[in-house]
Amino acid sequence: MAARRVLVVHGCNLNLLGEREPELYGRATLSEIDQQIESLASELGLEVRIVQSNHEGEIIEAIQDARQWADGIVINPAGFTTTSVGILDAIKATRLPAVEVHLSNVHAREEFRRQSIIAAATVGQVCGFGLNSYLLALRGLAAQLSARED
Ligand code: DQA
């Protein structure tokens, strides 16, 4: 069976991980997180393509492109979580299973961070586990993809 393929999206400001509010987001840099994602992906038999952008339109285009090649999406929409109908609609348009990720526990923070617009297009959300949120999301998505094959 061909490897299942997953688009991993990091939204705005996540390029600054490591130096950005480490008490909330941890000390790992984005490239360290990406290495862990890639290593788990190969363990799970997944192929990942990873995209980070500070531009909503670029994220929307990457998600639209995923229609052509991906089997699922893991996305940390970051600051776009509570604002982007465009990202919500792009995920819906792909009809792919998507998992929403946050490093921090957004439900234990300011009220405005709790209302995810994106959640309506996802199979689930993982938040609060630092970089492990991405790894748990990847495992959850892999299980969803396997279940769909049964
Ligand atoms: C975040 C949480 C968001 O509220 C925030 O805007 C981010 C990062 C997280 O990973 O915890 O940029 O998505």
Residue-normalised accessible area of the range 4-149, expressed per residue, 1.4 Å probe, Å² = 48 Å²
Label-point separation in nm, R95 to R109, each point 7 Å along Cα→Cβ | 3.4 nm
Proportion of all alpha-carbon pairs of the chain beyond 23 Å (%) | 29 percent
Give, rounded to the nearest 20 debye, the magnitude of the charge dipole that the range 4-149 has about its Cα centre when Lys and Arg contribute +1 at Cβ and Asp and Glu contribute -1 at Cβ.
-> 400 debye
Under the Karplus relation with 6.51, -1.76 and 1.60 and θ = phi - 60°, whole-Hz ³J(HN,Hα) for the range 112-125, x at Gly and Pro, equal 5, 7, 7, 8, 7, 6, 5, 3, 5, 9, 10, 8, x, 9
The range 108-150 versus the range 2-27: alpha-carbon centroid distance in Å | 13 Å
Taking a ≥ b ≥ c as the square roots of the eigenvalues of the Cα gyration tensor of the range 68-150, is the shape rounded (a/c under 1.5), prolate (a/b larger than b/c) or oblate?
-> oblate
Amide H to amide H, which residues 5 or more places from C127 or on other chains are under 5 Å from it, using H placed in the peptide plane?
-> H102
Report, by chain and number, residues whose modeled amide H sits under 5 Å from the one on F80, excluding near sequence neighbours (fewer than 5 apart, same chain).
-> C12
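Could you tell me what percent of the DSSP beta bridges with both partners in the chain are antiparallel, to the nearest 5?
Counting DSSP beta bridges with both partners in the chain, the antiparallel share is about 0 percent.
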Within the accessible area of the range 4-149, what % is carbon and sulfur when the probe is 1.4 Å and the other protein chains stay in place?
-> 45 percent
Under a 5 Å amide H to amide H cut-off, with H placed in plane at 1.01 Å, what residues pair with E47 once short-range neighbours are removed?
-> R4, R5, V6
Any idea of H107's accessible area? Nearest 10 Å², probe 1.4 Å.
-> 90 Å²
With all protein chains present, calculate the accessible area of V123 using a 1.4 Å probe and round the result to the nearest 10 Å².
-> 70 Å²
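The values are calculated or read from the model by the stated rules, or taken from the named source; none is laboratory data. Predicted, not measured: the structure shown is a model, and the values here were computed from it. When we count neighbours, we look across all protein chains shown, and the Cβ atoms used for this are built from the backbone with ideal geometry, even at glycine. With ligands, DNA and RNA removed, areas are computed over all heavy atoms of the protein, side chains included. Shrake-Rupley method; radii C 1.70, N 1.55, O 1.52, S 1.80 Å.
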